[in-house]
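Chemist: Have a look at this one.
Taken together, the values in this text are just the output of simple stated rules run on the coordinates, not laboratory data. Treat the numbers as computed from the prediction; the structure is a model and nothing was measured. Here the Cβ positions follow ideal geometry from the backbone for every residue, glycine too, while neighbour counts run over all protein chains shown.
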Amino acid sequence: MKNRLEQFRLQKGWTQQELAQKAGVTRQTIISLESERYNPSILLAFRLARLFGVPIEELFLYEDNLAEEP
Amino acid sequence: MNQNDLKHKTILSWLLLIVSLNMILAGVLIRVLAPQLQLNPYMIISIGLIFAGTASINLIKFKLLRQEPAQMHEWSVYEKDERVQMIRWRAGNTAFITLMVVLFLSLILFSITSSPQTGVDALWYFLAFLVVFPMAVYCWQVLRLQKRM
């Protein structure tokens with residue numbers, strides 16, 4: 001799943017450590033999220049979206065591998 | 001992790017230390033009082049020493065954490081971190097499946113071998129392998145997943 005976490009974090013001027021502290025996770029988790037190696041739980045996704053004040057769909061971009069039905 | 005969790009883990013570490021000291025004592029007593037027994041007391045003593053070391057390290061760590069609230073908070077975040085928990089869960093799952101496969105293959109092997117003659121030593125090594133191998137798989141998986149996830 002793609003995300004715009006780094007973009008929103010830089011807009012806020014936060015470091016990865018600061019974001020990790022605000023979200024209650026480790027810095028390594030933020031690094032993994034930004035590099036899209038790890039998909040967050042729905043709870044963490046909502047928490048992050050709330051931290052940036054944006055809807056969850058703006059932060060995390062869902063891509064379905066299956067072809068969309070007409 | 002809060003103070004209650006820390007208290008529980010401290011109690012468990014004390015219990016592990018007591019058990020390990022008993023193992024060391026039992027090993028020494030077997031060596032001195034019953035050398036004719038078909039048990040290797042040094043193996044019991046070495047396992048006891050490993051457990052005692054683990055328990056002591058944990059107890060020292062918990063004591064230091066209690067003295068440093070900032071470190072305590074950091075450790076608490078690490079323990080609750082969902083990625084860390086996911087890595088542990090997946091590594092544990094792989095270790096469990098590995099153990100099941102090894103047990104199944106061993107069962108097949110013992111079933112098709114007519115009257116397998118296994119001595120106490122061979123059985124001990126086999127049981128030790130069943131403990132150590134899944135633990136090694138677990139550690140390897142944790143390291144691998146930490147790089148991948």
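Chemist: Which of the residue pairs A:K12/B:K63; A:K12/B:K9; B:K63/B:K147; B:K61/B:K147; A:K2/B:K9; A:K12/B:K80 have a Cα-Cα distance greater than 28 Å in the structure shown? Mind dumping the intermediate values first?
Modeler: On the way: A:K12/B:K63 38 Å; A:K12/B:K9 39 Å; B:K63/B:K147 30 Å; B:K61/B:K147 26 Å; A:K2/B:K9 39 Å; A:K12/B:K80 25 Å.
Beyond 28 Å between Cα atoms: A:K12/B:K63; A:K12/B:K9; B:K63/B:K147; A:K2/B:K9.
Chemist: Sticking with this one: In chain A, which chymotrypsin sites (Phe, Trp or Tyr not before Pro) are in a loop and have at most 10 other Cβ atoms within 10 Å, using DSSP for the loop call?
Modeler: Working: sites: A:F8, A:W14, A:Y38, A:F46, A:F52, A:F60, A:Y62; in loops: A:W14, A:Y38, A:Y62.
Sites meeting the loop and neighbour criteria: A:Y62.
Chemist: Follow-up. Per 0.36 nm of contour for each residue apart, how much would the distance between B:S111 and B:L15 grow if the chain were fully extended, relative to their Cα-Cα spacing?
Modeler: Numbers: separation 96, 0.36 × 96 = 34.56 nm, distance 3.85 nm.
Separation in residues times 0.36 nm, less the Cα-Cα distance, equals 30.7 nm.
Chemist: Can I ask one more? Given a Förster distance of 35 angstrom, what is the FRET efficiency for A:E36 paired with B:M100, based on the Cβ-Cβ distance and rounded to 0.05? Please report the intermediate quantities before stating the final value.
Modeler: Numbers: r = 33 Å, r/R0 = 0.94.
Between A:E36 and B:M100 the formula returns 0.60.
Chemist: Could you check the simple spin-label distance between B:E79 and A:L61, using points 7 Å along Cα→Cβ, in nm with one decimal?
Modeler: For B:E79 paired with A:L61, the spin-label model returns 3.9 nm.
Chemist: A further question on this structure: Given the rule -39500 (n - 2.57) for each run of at least 4 DSSP H residues, summed and divided by the residues of the protein assembly as shown, what is its mean residue ellipticity at 222 nm, to the nearest 500 deg cm²/dmol? Numbers along the way, then the final one.
Modeler: Values: 10 runs with 169 residues, N = 219.
My calculation for the protein assembly as shown gives -26000 deg cm²/dmol from helical runs alone.
Chemist: Which FRET efficiency value, to the nearest 0.05, do you get for B:R31 and B:Y125 by plugging their Cβ-Cβ distance into 1/(1 + (r/R0)^6) with R0 = 25 Å?
Modeler: Values: r = 19 Å, r/R0 = 0.77.
The value I calculate is 0.80.
Chemist: Name the residues whose placed amide hydrogens come within less than 5 Å of the amide hydrogen of A:N3, ignoring near sequence neighbours (fewer than 5 apart) on the same chain.
Modeler: A:L61
Chemist: Taking 7 Å along the Cα-to-C-beta vector as the label spot, tell me the A:V54-B:I47 distance in nanometres, rounded to one decimal.
Modeler: With each label placed 7 Å out from Cα toward Cβ, I get 5.5 nm.
Chemist: I've got another one for you. Roughly how many whole Å is it from the C-alpha centroid of region B:128-147 to that of region A:10-35?
Modeler: 29 Å
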